[in-house]
Structures are given as structure tokens and as C-alpha cells.
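Peer 1: Before I ask anything, let me first share the structure, which is written out below as C-alpha cells.
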Amino acid sequence: ASGEKCDNANPPPPWGEGVEDSLCYRSIVLHHPFQFFQKYRDALDIFFLTKEDNIQTDADIAARIGTTNIASLWQVHGNRVIAVRKPTERKEKADGLITDERNLLLTMRAADCQLILVYAPEYRVVGLLHVGWRGLLEKTIHAFFKKLHGEWSIQPQETLVGIGPSLRQCCAEY
């Protein structure tokens, strides 16, 4: 249940920490959910929010996370990836965001599609990618790494990749 107070019966999950607002970890916000990104916490701040967090707008995200410096997209299930260096609104049609700007929060939304986080620690470049079956057919992942190389000369082997949760076969009709 969202918003319950934590107690010893509700230890933190092994995949990350809850936001430090004295809410129970069942409040759904997960802060730093990928263990292998832990050593980059000084440069990378990762949050997973779910529908239980009651996030409807970028203003809701800003209030929950504590920043108004947000870059977001109008996600279209295509293969367009853009480099961003300043806040954007959900008007730009694309499915990938990449930045080298510190303190710029990249946001993506997903239901049954996969969210992919890519980080190049030597360059301090981070990106988010929204990929479903249409995006796979459109070669969105390839387009993402092509953009990463075109803008920053980063090779795929210089990156770390985290893949977020997605819809499973048991939970949908195919």
C-alpha cells in the first residue's frame, strides 16, 4: 500500500533504496535500482516510479524528485534519438534521449515496452531509450548507439546498460 510507514517488517529491497521520505519501500519509488551503477552515484541518480506514485505530468515528477530541470519526449515507438542539453517538453517526437549535461533529469514512460538506461562513465554521458516490439523492428537500439557515437565518439563497449522492468508473457495476451 502506497504511503505506509516503514518498520522492521518491511526491509529495503535488494535492488535499490526507497526515496528518503520515511515512506515504506512499497511506496514504489526506487532510488538507485541497479547495483552495478552504485559506484557512479556521484554522477548518476536513477529513479523508477510507477503508477502507484500517482505521476501524471512532468510537474508531478519535478515535485517528487525535487528538480524542474527535466527533459522528456513524446514517445512514438520509432527509432529517433535526440541529444539534449537543456530541459524539453513532451513535444519532441522520439524514443531516446542522450545528454552530457549534469543535473538534467531525463524521463521516459513505459507500459509494456522496455526502458533501457545507457551510461558511458568515462565520458559522463547518459541516455534513456524506450523500446517495444515496434522499436525493435525500427532498430531503435542501433539508432541510439549510432547517435552516441556520432555525438561523442562513444563505442558500445564503453557503456554500461541497465534494462528496466517490462510486461511479461504471463501478464498479457500475445
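Peer 1: Name the pairs: first residue in region 117-129 and at negative phi and small (Gly, Ala, Ser), second residue surrounded by fewer than 22 Cβ atoms within 10 Å (Cβ to Cβ) and assigned to a loop (DSSP other than H, G, I, E, B), Cβ to Cβ under 7 Å, at least 6 apart or on different chains?
Peer 2: So the pair list comes out as ALA120/ILE154; ALA120/THR159.
Peer 1: Could you please let me know if HIS77 is open to solvent by less than 80 Å² (accessible area, probe 1.4 Å), on the phi > 0 side of the Ramachandran plot and modelled with pLDDT under 90?
Peer 2: Details: open to solvent by less than 80 Å² (accessible area, probe 1.4 Å): yes; on the phi > 0 side of the Ramachandran plot: yes; modelled with pLDDT under 90: no.
No.
Peer 1: Conditions: (1) part of a loop (DSSP other than H, G, I, E, B); (2) closer than 18 Å to ASP58 by Cα. ARG102 meets all but one. Number of the miss?
Peer 2: (2)
Residue-wise test of (1) more than 18 Å from THR159 (Cβ to Cβ); (2) in contact with a strand residue (DSSP E or B) (Cβ under 8 Å, 6 or more places away or on another chain); (3) in contact (Cβ under 8 Å) with a residue 60 or more places away in the chain.
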{"site": "GLU52", "(1), (2), (3)": "yes, no, no"}
{"site": "ILE55", "(1), (2), (3)": "yes, no, no"}
{"site": "ILE65", "(1), (2), (3)": "yes, yes, no"}
{"site": "GLU89", "(1), (2), (3)": "yes, no, no"}
{"site": "LYS93", "(1), (2), (3)": "yes, yes, no"}
{"site": "GLY96", "(1), (2), (3)": "no, yes, no"}
{"site": "LEU106", "(1), (2), (3)": "no, yes, no"}
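Peer 1: What do you reckon, is ILE46 without any contact (Cβ under 8 Å) to a residue 12 or more places away in the chain and of a type in the set (A, V, I, L, M)?
Peer 2: Details: without any contact (Cβ under 8 Å) to a residue 12 or more places away in the chain: no; of a type in the set (A, V, I, L, M): yes.
No: the conditions fail for ILE46.
Peer 1: Here is a follow-up. Name the single residue that is nearest to PRO87 (Cα to Cα) among those in region 35-74 being in a loop (DSSP other than H, G, I, E, B) and under 13 Å from the mean Cα position of the chain (by Cα).
Peer 2: Going through the qualifying residues, I end up with SER72.
Peer 1: For region 125-158, which positions are closer than 19 Å to ALA71 by Cβ and in a loop (DSSP other than H, G, I, E, B)?
Peer 2: Listed by number, the list holds a single entry, ILE154.
Peer 1: Residues of region 128-165 being small (Gly, Ala, Ser), surrounded by 14 or more Cβ atoms within 10 Å (Cβ to Cβ) and over 14 Å from ALA110 (Cβ atoms), which ones? It would help to see each step written out before you state the result.
Peer 2: If we filter region 128-165 for residues that are small (Gly, Ala, Ser), which is where we start, we get 132, 135, 143, 150, 153, 162, 164.
Restricting the remaining residues to those that are surrounded by 14 or more Cβ atoms within 10 Å (Cβ to Cβ) gives 132, 135, 143, 162, 164.
Answer for region 128-165, where residues must be small (Gly, Ala, Ser), surrounded by 14 or more Cβ atoms within 10 Å (Cβ to Cβ) and over 14 Å from ALA110 (Cβ atoms): just ALA143.
Peer 1: Does region 42-80 hold any residues that are of a type in the set (D, E, K, R) and under 16 Å from ILE116 (Cβ atoms), and which are they? Talk me through it step by step, then tell me what you get.
Peer 2: From region 42-80, those of a type in the set (D, E, K, R) are 42, 45, 51-53, 58, 60, 64, 80; that's our starting set.
Selection gives ARG80 alone.
The values are calculated or read from the model by the stated rules, or taken from the named source; none is laboratory data. Note that the structure is a prediction, hence the values are computed from the model and not measured. Ideal geometry is used to build each Cβ from the backbone, glycine not excepted, and the neighbour counts take in all protein chains shown. Each accessible area value is taken on the protein alone, full model and side chains, heavy atoms only, with ligands, DNA and RNA left out. Shrake-Rupley method; radii C 1.70, N 1.55, O 1.52, S 1.80 Å.
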